[in-house]
Amino acid sequence: MKEQFLVWFFKFKLINMKWILFYTLVITGAVLNSCGGREQEPDKEKIVIPEQQIPVTVPNFNADSAYFFVEQQVAFGPRVPGTEAHKKCANFLTTKLKSYTSDVIVQHGKTYAFNNKVLDVINIIASFQPEKENRILLCAHWDSRPFADHDPDEKNHNTPIDGANDGASGVGVLLEIARHLQQSETQLGIDIILFDVEDYGEPQGLQSDRDNTWALGSQYWSKNPHKDNYNARFGILLDMVGAKDATFTMEGTSMYFAPDIVKKVWDIAHKIGYKDYFLFEKTGGITDDHRYINLIRNIPTIDVIHYDASTSSGFFEHWHTIKDDISTIDKTTLKVVGHTVLTVIYSEK
Ligand code: AHN
Ligand code: ZN
């Protein structure tokens, strides 16, 4: 009797054990499956999120408006530091930005050119939603070069340039962006900085005893930001963004300091149809305003700059020549760059 009971008891236990084991496997399987499911979710998100990053509410960049802003700057004549045209243009840019935001700071400073000339620096800074901690910095230089030292005709080497593309194009795009920022808010705060004295660098062939003769306004601001401890999540510099069929490559200094930002901007440009302008091609690093923002302020900043392998300089064909005038400006290129930057800043959360 006792033995029979023991046999029954163990049978019962075994049966139960079987069920317990069965249910354990079922439950474990379900849990594992759902974990697997959860593991797949980030992949889905990765696919979905970039789509969502492009909201339907990106304002429509108006290329006619940007073009008009370029024309207005060029109409002052070459915006060479120390000249009347330069001063008048500074007033124009300040007034224009003040019509879009009450937070405009005009930063005055002094700097020394390669030839020991003392130059006044006028950096113009417009802030949108200045109370916000998380910010994006957009910038371009507004001065134009005092000498066309790359002109094919040597007679022109001391002639100041209009800088329609080299200077005014980036500013024109940023003014059009500012016009939209007044009307619709971005999630992050935006600062637009128009740097002065970018293009007073030492002419080729001269050997001054100075280093860092380019981007003097940006060097000044980087050492003396308009707000103590100013910081931004990232920065985008626009330089020569107006010539027909421009190509923007992944420039070396940008790739060294801010490869993720290059990728972010290039990915968005491709997504909205501008693959012929934004090339996934790495080219050599250059000294431009972004170099000092990266080095001194540690803000990962990229340069969207026209690269042309067919010229000796690598820049656009009329770079630092008297032909860098309004006729080089193409509305489609302004639109490509403006639409891309607007999409970037209205997508950032
Ligand atoms: C140098 O030639 C070292 N940098 C060019 C930066 C520049 C001039 N961008 C526009 N004009
Ligand atoms: Zn230049």
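The values are calculated or read from the model by the stated rules, or taken from the named source; none is laboratory data. Fair warning: this is a prediction, and the values are worked out from it, not measured in the lab. Note that we place each Cβ from the backbone using ideal geometry, even for glycine, and neighbour counts take in every protein chain shown. Note: accessible area is taken over every heavy atom of the protein model, side chains too, but ligands, DNA and RNA are not part of it. Shrake-Rupley method; radii C 1.70, N 1.55, O 1.52, S 1.80 Å.
Summary of values
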read-out: Members of the stretch 225-256 found to be away from ligand 1 (no atom under 16 Å from the Cβ) and of a type in the set (A, V, I, L, M, F, W, C), listed by number; value: A232, F234, M250, M255
read-out: Residue list for the stretch 48-94, filter: open to solvent by less than 60 Å² (accessible area, probe 1.4 Å) and modelled with pLDDT under 95; value: P50, I54, P55
read-out: Strands (runs of 3 or more DSSP E) wholly inside the stretch 63-160 that include at least 1 residues being more than 21 Å from V304 (Cβ to Cβ); value: 104-112, 118-128
read-out: Contacts under 7 angstrom Cβ, first residue in the stretch 133-162 being touching a residue at least 12 places away in the same chain (Cβ under 8 Å) and open to solvent by 60 Å² or more (accessible area, probe 1.4 Å), partner more than 16 Å from ligand 1 (Cβ to nearest atom) and assigned to a strand (DSSP E or B), 6 or more apart; value: N134/G189
